[in-house]
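Derivation of every value follows stated rules applied to the coordinates shown; laboratory data play no part. The shown structure was predicted, so the numbers you read here are calculated from the model rather than taken from an experiment. When we count neighbours, we look across all protein chains shown, and the Cβ atoms used for this are built from the backbone with ideal geometry, even at glycine.
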């Protein structure tokens with residue numbers, strides 16, 4: 001998928017994100033749209049983060065909703081899982097792609113290491129199995145690589161979220177902002193039912209724009225997005241905040 | 001070794017889950033939609049299992065998947081048989097140094113790319129896609145792998161449209177499919 005990483009030296013923020021409009025006085029929850037995310041003063045991201053280079057344990061924070069995190073008991077929650085550093089080390093960073101100033105996180109090298117790829121999937125599967133998740137939605141195209149193995153292992157269906165005009169049947173679409181212009185993602189009507197519990201998978205979260213659009217798409221059909229899961233996060237681009245109430249789980253944080 | 005498993009009891013279930021969408025992407029085309037197969041966890045698992053049973057223990061070290069629906073079937077197969085997964089992509093998607101193979105479409109041309117260094121000479125490879133029609137894309141994929149010295153053991157697809165004679169276009173390389181659609 002096309003990924004826009006806005007990264008011009010010390011200011012890695014898109015023009016749209018750098019000066020968000022003032023949130024309305026009576027806002028309780030962040031409004032999730034592509035142009036504005038209002039921080040709630042009591043907001044805590046209910047997520048377990050596994051950093052590849054920090055050993056500070058991250059406490060498990062629970063949201064008021066039935067997040068998976070408060071039910072998860074894994075060895076990796078108290079210290080970095082030993083599989084993580086290998087996964088991180090086989091991700092290739094390519095400077096100046098797709099344009100100057102951007103450091104592109106290339107997961108294709110991870111896919112060449114059979115054990116590291118296996119471990120990547122296992123880390124997600126261990127987190128999500130037996131959590132009554134019936135849908136794994138993957139964002140085109142690199143989400144198609146990680147989503148299906150997870151779905152198969154946890155017994156969920158896999159739903160591809162695609163660029164416009166790729167899906168042959170009746171679709172619903174969600175538009176979202178890019179640095180210049182807009183893009184759209186689409187899902188087949190009927191792929192999910194109201195009340196289903198879903199994960200959204202992509203290889204990487206940058207600004208969070210695409211994930212945000214994916215969450216909206218699923219919520220429009222009444223699906224509960226339990227968590228977004230990515231291999232890599234670029235924390236400086238603040239995608240996590242953009243997801244509002246929806247937890248984000250990543251294996252590797254690349255600052 | 002070309003075959004399709006129409007005697008395996010799982011095949012019928014798989015075939016019944018594939019949705020045919022008429023007149024997509026243009027009038028007269030009956031599009032074989034595998035997204036409905038992916039909505040049935042058992043049928044999806046059976047699909048992957050049928051390929052894994054065929055290729056496990058055959059010393060295959062590379063599964064190459066064609067963007068984008070080959071990315072759905074290729075990785076689960078690769079993971080189960082212990083092979084690496086190599087995405088074959090449309091132009092300008094792969095960030096590193098690539099080799100490209102051009103191929104002809106009904107109108108115009110397209111191009112498939114692979115990262116340099118992903119596959120070593122002598123490796124045994126599979127090429128995976130959801131469907132084979134004319135065989136043009138699969139052919140380009142095979143050429144990419146052969147150019148770097150890999151041995152393409154077989155092409156594997158869920159669906160074949162035999163009337164389009166893609167099988168013949170594969171220069172004698174074996175093709176394995178689960179479902180034929182006339």
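Some values worked out for this structure:
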item	result
Bridge type composition, region B:26-182 - antiparallel percent by DSSP, nearest 5	25 percent
Choice from B:74, B:122, B:172 showing the highest fluctuation, given a GNM over chain B with Cα pairs closer than 10 Å	B:172
Proxy reagent accessibility, fewest Cβ within 10 Å first, across B:71, A:117	A:117, B:71
Longest to shortest principal axis, alpha-carbon extents of region A:80-253, angstrom	41, 40, 30
Normalised contact order of chain B, rounded percent, pairs of Cα under 8 Å and 6 or more residues apart	20 percent
Residue-averaged [θ]222 nm for chain B, counting only DSSP H segments that reach four residues, each worth -39500 (n - 2.57)	-8500 deg cm²/dmol
Order by protection proxy (mean Cβ within 10 Å, highest first), peptides A:145-158, A:124-137	A:145-158, A:124-137
Where labels lie 7 Å past Cα in the beta-carbon direction, separation of residue A:182 and residue A:99 in nm	2.0 nm
Relative contact order for region B:62-155, counting Cα pairs under 8 Å that sit 6 or more residues apart, in percent	30 percent
Shielding of B:96-103 by partner chains, average beta-carbon count, 10 Å	1
Alpha carbon convex hull of chain B, projected area averaged over orientations, nm²	10.1 nm²
Peptides ranked, highest mean first, by Cβ atoms within 10 Å: ranges B:160-170, B:42-52, A:91-101	B:42-52, B:160-170, A:91-101
Mean separation of Cα contacts under 8 Å, 6 or more apart, over the residue count of region A:152-255: relative contact order %	23 percent
Cα centroid separation, region B:67-136 to region A:92-137 (Å)	18 Å
Rounded to 5, the percent of DSSP beta bridges in region B:9-115 classed as antiparallel	70 percent
Residue order, fewest to most beta carbons within 10 Å, for B:151, A:203	B:151, A:203
Kirkwood Rh in Å, taken over all unlike Cα pairs in region B:21-92	13.6 Å
